[in-house]
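S.K.: The following block contains the structure, expressed as structure tokens.
Every number in this text was worked out from the coordinates using simple rules, so none of it is lab data. Bear in mind that the values here come from a model prediction, so they are computed numbers and not experimental data. Methodologically, a virtual Cβ is constructed for each residue, glycine included, from the backbone with ideal geometry; neighbour enumeration extends over all protein chains shown.
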Amino acid sequence: MEVRDIVLPGELVAEKEGKRVGRGAYFEDEKVYAKVLGIPLVTENQISVIPLSGVYLPSVGDNIVGIISETQVSGWTVDINSPYIAFLPLSEAVSEFVDTRTDISRYYDTGDVAFCTVSKVTKTKDVRLSMRSPSSRKLYGGTIIKIMPTKVPRVIGKAGSMINLIKTKTGCQVYVGQNGIIWIKGTDKDKAIEAILTIEKESHAIGLTEKIEKMLGGENGKDQ
């Protein structure tokens, strides 16, 4: 896959050359142009532009929630809610020695969820992940929701105040990825989800913390 820099609306992306024209793009005279400000993606069969607004652009050190999309010989392809597919190398996921003949899906399989760290991003947007951080872990069960990555800081709150409020009031486990994917597990997960989606929708509202606290009620989600 060929990845280029950001393009402006109306800017030439590529020659059509028989490829399909995907979202965010249009063509004239066998040339494909950007409809929106975004990141052009040119694959073997399709040309598209991913809108920049709301898109997660990975940076080294980001803590993200990733979903395993494919098992390969030396690691896993991971969906990180980004125009770029990430790769989790076996060496960064498993500390023990693994024979090359081993079926590594025993460690992570398609659909598994992991809280991990972005360890490398190259100029060509080759994204590598790692499970070496003390906070990294495989997440079992639970529910996944996605919000706009730009709203993640508001969900976390200053020094973690907002997310800690949600955890305390609902008794849920919550892992918030900087990529906008959030994993939630607990009996009151519906309340936690409602609170998070409210924060996303009303992130600029005054008195939002008080509103969320009132919404969640007393300790462990029970009204005082």
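S.K.: Say each of Asp109 and Asn63 gets a label point 7 Å from the Cα, pointing the same way as Cα to Cβ; how far apart are those two points in nm?
M.R.: Between Asp109 and Asn63, the simple spin-label model gives 2.8 nm.
S.K.: Work out, in µm²/s and without decimals, the Stokes-Einstein translational diffusion coefficient of the chain at 25 °C, 0.890 mPa s, Rh from Kirkwood over C-alpha pairs.
M.R.: 127
S.K.: Separate question: Over all pairs of distinct alpha carbons, what does the Kirkwood formula give as the hydrodynamic radius of region 93-174, in Å? Each step should come with its number before you reach the end.
M.R.: Details: mean 1/r = 0.0636 Å⁻¹.
Over region 93-174, the inverse of the mean reciprocal pair distance is 15.7 Å.
S.K.: To continue, here is another question. Once every DSSP H run of n ≥ 4 in the chain is given -39500 (n - 2.57) and the sum is divided by its residues, what mean residue ellipticity at 222 nm do you get, rounded to the nearest 500 deg cm²/dmol?
M.R.: It lands at -5000 deg cm²/dmol.
S.K.: In region 101-192, what chymotrypsin sites (Phe, Trp or Tyr not before Pro) fall in a loop by DSSP, with at most 10 other Cβ atoms inside 10 Å?
M.R.: Tyr140
S.K.: Please report the orientation-averaged projected area of region 143-221, defined via the convex hull of its C-alpha atoms, in nm². If you can, show how the numbers build up before the last one.
M.R.: Working: hull surface 17.5 nm².
Mean shadow area of the hull around the Cα atoms is 4.4 nm².
S.K.: Oh, and also: Under 1.5 on a/c is rounded, so check that first for region 114-156, then, if it is not, pick prolate when a/b is larger than b/c and oblate when it is not; a ≥ b ≥ c are the square roots of the alpha carbon gyration tensor eigenvalues.
M.R.: Details: a/c = 2.01, a/b = 1.21, b/c = 1.67.
Oblate.
S.K.: Once region 2-51 is represented by equal point scatterers at the alpha-carbon sites, with solvent omitted, what log10 I(q)/I(0) does the Debye formula produce at q = 0.19, 0.27, 0.32 Å⁻¹?
M.R.: Debye curve over Cα of region 2-51, log10 I(q)/I(0) at q = 0.19, 0.27, 0.32 Å⁻¹: -0.45, -0.94, -1.32.
S.K.: Go through region 56-100 and name the chymotrypsin sites (Phe, Trp or Tyr not before Pro) that are in a DSSP coil and have 16 or fewer other Cβ atoms within 10 Å of their Cβ. Before the final figure, lay out the partial values.
M.R.: Working: sites: Tyr56, Trp76, Tyr84, Phe87, Phe97; in loops: Tyr56, Tyr84, Phe97.
Counting only loop positions with at most 16 other Cβ atoms within 10 Å, the chymotrypsin sites (Phe, Trp or Tyr not before Pro) in region 56-100 are Phe97.
S.K.: What is the Cα radius of gyration of region 44-147 over 2.2 N^0.38 Å, N being its residue count? Please list the in-between numbers first.
M.R.: Values: Rg = 14.1 Å, N = 104, 2.2 N^0.38 = 12.8 Å.
Dividing the Cα radius of gyration by 2.2 N^0.38 Å gives 1.10.
S.K.: Starting from the Cα of Ala205, step 7 Å along the direction of its Cβ; do the same at Thr150; then give the gap between the two resulting points in nm.
M.R.: 1.9
S.K.: Which GluC sites (Glu not before Pro) from region 1-62 combine a DSSP loop assignment with at most 16 other Cβ atoms within 10 Å?
M.R.: Answer by residue number: Glu11, Glu17, Glu30, Glu44.
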